[in-house]
């Protein structure tokens, strides 16, 4: 697949491969914003609800500040309400992002999300 075709795709990256999140366990779904050489810039996708199904109050403060952009439930096939974290993570190796995830996002997000900030 050509590198330009990866822009706007959703993949999964372990926190070990994301600069700034190396010390946290697990991983994040990421939205590929742009690509330069073999590195890319990504937005992480975060959940607005906890495992009990309750909204996380701290996330609403981040929504007010513009650090998170919510995703409508019908636009993505994740089990919980989610949002794009607008704090861009730079210099992520493309080879460390698994694109074999089953998460699908409507096309309208692919165009306006990559042009923000």
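The values are calculated or read from the model by the stated rules, or taken from the named source; none is laboratory data. Keep in mind that this is a model prediction, so the values were computed, not measured. As a convention, Cβ positions derive from the backbone with ideal geometry for all residues, glycine included, and neighbour counts pool all protein chains shown.
List of remarks:
- If you go through the range 21-37 and keep only what is in contact (Cβ under 8 Å) with a residue 60 or more places away in the chain and either exposed (fewer than 11 other Cβ atoms within 10 Å of the Cβ) or touching a helix residue (DSSP H, G or I) at 6+ places or on another chain (Cβ under 7 Å) (or both), you end up with 21, 32.
- Single residue of the range 38-82 satisfying the filter (outside any strand (DSSP E or B) and touching a helix residue (DSSP H, G or I) at 6+ places or on another chain (Cβ under 8 Å)) that is nearest to residue 98 (Cα to Cα): 38
- Of the residues making up the range 38-54, those that are buried (at least 17 other Cβ atoms within 10 Å of the Cβ) and farther than 19 Å from residue 82 by Cα are 40, 41.
- Residue 85 satisfies every condition listed in (1) part of a helix (DSSP H, G or I); (2) surrounded by 12 or more Cβ atoms within 10 Å (Cβ to Cβ) except (1).
- Looking only at residues in the range 8-20 that are buried (at least 16 other Cβ atoms within 10 Å of the Cβ) and assigned to a loop (DSSP other than H, G, I, E, B), the one that is modelled with the highest pLDDT is 9.
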